[in-house]
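One structure is given below, encoded as C-alpha cells.
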Amino acid sequence: MHIDMSDLSPAQTYATMTQTVIPRPVAWVLSENENGSYNLAPFSYFNALTSDPPMIMLSIGREPDGSIKDTHINIEARKNFVVHIAHREMAEAMTLSSASMPPEVSEVDELGLELTSMPGSDLPRLADCRIAYACEFSEIKMIKTQAIFFAELKHLYLDDAVVGSDAKGRLAVKADSADPIGRLGGGEYFGAGEIIFVKRPA
C-alpha cells in the first residue's frame with residue numbers, strides 16, 4: 001500500500017503517523033495550574049533533541065473544541081514543568097490522566113497519585129515514577145495549531161533500582177528495570193520486552 005499524505009485529513013494523518021512512528025516515548029507532564037494545583041497529562045510527540053545544552057521537544061495540540069490545553073498555558077505562564085517516563089504498572093493512571101478536566105481540577109488528586117520533592121525544582125514529581133526530568137521552558141514554535149515547546153533539562157531523577165554502570169564504569173540506566181512504556185496507535189502501548197544488544201562499530 002502506498003499513501004499520499006496530501007490526500008489525508010489532519011485527523012487521518014494523526015491516526016496514520018501515530019500507528020507507524022512506533023514505539024514513541026511518552027512524556028507524562030506535571031505542570032502548575034493558576035490556582036496552585038498540579039496538572040498532569042501525557043504527550044507522545046516528545047523526544048530528546050540535544051545534549052549541549054540538554055534539550056527536549058514537546059509537541060502540544062489543541063483540545064477537540066480548539067481551545068488551548070492546560071499544559072500549554074501552564075508551561076508558557078510558569079516556565080517550569082516535570083516530565084516523567086512512566087512504566088508498565090502506571091499505564092492505566094497515565095491514560096486516565098489524558099481525560100479532559102476543568103483547569104482548576106488536578107489529575108494528580110483525582111487519580112490519588114503520590115507526590116514527592118524533585119531536587120532542583122520548585123515543582124514535585126510523581127513518587128512512583130522511576131525517571132523524571134525537571135525542565136525549564138526555552139522557546140515555542142507554532143505550526144498551525146500545534147505548539148512545539150523547546151525546554152532545557154535542568155535536573156534528572158533516577159530511581160536507584162534503574163541505575164547501573166557499563167563496562168567502562170559510566171552511568172547506565174537499566175532499561176529492563178525502568179520498563180518504560182512506548183506509545184503505539186489507539187489505546188495500545190509497548191512494554192520494554194526483550195532487550196537486544198548489538199555491538200557498535202569502532
Taking GluC sites (Glu not before Pro) as exposed when DSSP calls them loop (any state but H, G, I, E, B) and at most 14 other Cβ atoms lie within 10 Å, what is the longest stretch of the chain free of them, the sites themselves excluded?
115-187
May I ask you to compute the full-extension gain from ALA48 to THR13, defined as 0.36 nm times their residue separation minus their alpha-carbon distance, rounded to one decimal in nm?
10.3 nm
What list do you get for SER100, SER59, SER31 if you sort them by fewest beta carbons within 10 Å?
SER100, SER59, SER31
Students often get this wrong: which residues of segment 29-60 have the backbone nitrogen under 16 Å from the point 7 angstrom along Cα-to-C-beta of GLU136?
52-56
Computed [θ] at 222 nm, deg cm²/dmol, the chain (DSSP H ≥ 4; -39,500 (n - 2.57); rounded to nearest 500)
-4000 deg cm²/dmol
Per-residue HN-Hα couplings for segment 101-108 [Karplus 6.51, -1.76, 1.60; θ = phi - 60°; Hz; x = Gly/Pro]:
9, x, x, 7, 8, 9, 4, 4
Fewest-first ordering of CYS135, CYS129 by Cβ atoms within 10 Å yields CYS129, CYS135
Within the chain, how many lysine pairs that are 8 or more places apart, or on different chains, have C-alpha atoms less than 17 Å apart?
7
ALA175 versus GLN146: modelled label distance in nm, points set 7 Å from Cα along the beta carbon direction:
2.5 nm
Neighbour net charge for ALA175 - beta-carbon separation under 14 angstrom, K R +1, D E -1:
-2
Tell me, what is the percent relative contact order of segment 20-190, built from C-alpha pairs under 8 Å that lie six or more residues apart?
26 percent
Two pseudo-spin positions, 7 Å from Cα along C-beta at GLU76 and at GLU104, lie apart in nanometres by 2.2 nm
Lys, Arg +1 and Asp, Glu -1 on Cβ, resulting dipole of segment 20-190 about Cα centre, debye, nearest 20:
700 debye
Quarter of the Cα convex hull surface for segment 20-190, i.e. its orientation-mean projected area (nm²)
10.5 nm²
Taking the Cβ-Cβ separation of LEU156 and MET5 as r and a Förster radius of 41 Å, what is the calculated FRET efficiency to the nearest 0.05?
0.70
Please report MET17, MET94, MET1 as a ranked list, fewest other C-beta atoms within 10 angstrom at the top and most at the bottom.
MET1, MET17, MET94
Once phi for every residue in segment 41-58 is put through the Karplus expression 6.51 cos²θ - 1.76 cosθ + 1.60 (θ = phi - 60°), the whole-Hz ³J(HN,Hα) values, with Gly and Pro written as x, are 8, x, 9, 10, 8, 7, 5, 6, 10, 9, 9, 9, x, x, 10, 10, 10, 9
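Values quoted throughout were computed directly from the atomic coordinates according to the rules given, and no laboratory measurement underlies them. No experiment lies behind these values; they were computed from the predicted model shown. Backbone-built Cβ (ideal geometry, glycine too); neighbour counts: all protein chains shown.
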